[in-house]
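Before any comments, here is the structure.
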Ligand code: CA
């Protein structure tokens with residue numbers, strides 16, 4: 001993938017570029033928001049690794065402008081550890097994922113790989129796990145031929161899980177992706193919504209609990 005790295009700490013930018021090159025990608029690094037916007041306007045990137053804390057235009061503003069121009073490409077935000085509000089703001093602005101700093105380079109490479117595998121979300125496309133499909137344009141969910149009625153939140157939660165079958169999401173991660181404001185959510189809510197989704201999706205169960213960690217979706221025998 002062609003990847004743009006936006007990171008003002010040059011040694012970190014160099015390390016990220018080296019790790020991504022080694023993983024077979026084609027990265028380019030810039031060190032501030034202005035330069036990032038210039039690059040993106042010149043040539044398309046498949047993915048942008050975007051630090052939030054940048055001199056001048058910060059990462060949020062870069063993200064806002066990219067999305068306002070409908071520039072495609074996935075965005076992985078680099079956030080401060082524990083900064084829940086930053087993560088929620090980033091996801092609301094249209095980031096695809098985030099990674100709290102400091103991180104291990106292999107974790108970054110794994111996240112980049114996962115983002116590369118994700119379905120491009122174009123009208124007419126649908127997500128599928130086992131015999132469950134979710135139409136990204138209409139939000140209709142079917143299990144086999146049977147239509148399943150979900151509330152908007154249940155639908156959003158299912159979509160997050162279905163984008164990455166097999167990935168284990170913690171309750172906190174699911175909260176941040178599905179509920180808009182940090183003050184609105186509570187990890188107990190996730191348990192309640194997972195319970196409802198399971199009931200509506202029926203048997204055999206597709207959503208699995210990973211003890212002491214969280215939830216994942218996948219084929220019953222996978
Ligand atoms: Ca920074």
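Here are some notes:
- Any hit, the range 186-195, residues being part of a loop (DSSP other than H, G, I, E, B), at pLDDT below 90 and either closer than 24 Å to residue 85 by Cβ or not assigned by TED's automatic domain parsing to the domain that holds residue 90 (or both): yes
- Which listed residue, of 94, 144, is more than 30 Å from residue 202 (Cβ to Cβ), free of Cβ contacts under 8 Å to residues at least 60 places away in the same chain and not assigned by TED's automatic domain parsing to the domain that holds residue 173: 94
- Those residues of the range 94-112 which are surrounded by 14 or more Cβ atoms within 10 Å (Cβ to Cβ) and under 12 Å from the mean Cα position of the chain (by Cα), in sequence order: 95, 96, 97, 98, 99, 111, 112
- Candidate set: the range 113-139, residues that are in contact with a helix residue (DSSP H, G or I) (Cβ under 7 Å, 6 or more places away or on another chain) and modelled with pLDDT of 75 or more; chosen: the one surrounded by the fewest Cβ atoms within 10 Å (Cβ to Cβ): 139
- Of the set (1) within 15 Å of residue 129 (Cα to Cα); (2) in a loop (DSSP other than H, G, I, E, B); (3) without any contact (Cβ under 8 Å) to a residue 12 or more places away in the chain, all apply to residue 198 but (2).
Okay, residues lined up against (1) at pLDDT 95 or above; (2) surrounded by fewer than 21 Cβ atoms within 10 Å (Cβ to Cβ):
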| position | (1), (2) |
| --- | --- |
| 17 | yes, yes |
| 24 | no, yes |
| 32 | yes, yes |
| 50 | yes, no |
| 64 | no, yes |
| 81 | no, yes |
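- Of all residues making up the range 20-35, the number that are in contact with a strand residue (DSSP E or B) (Cβ under 9 Å, 6 or more places away or on another chain) and more than 15 Å from the ligand (Cβ to nearest atom): 6
The values are calculated or read from the model by the stated rules, or taken from the named source; none is laboratory data. Note that this is a predicted model, so its numbers are computed, not measured. Every residue, glycine among them, receives a Cβ derived from its backbone with ideal geometry; neighbour counts consider all protein chains shown.
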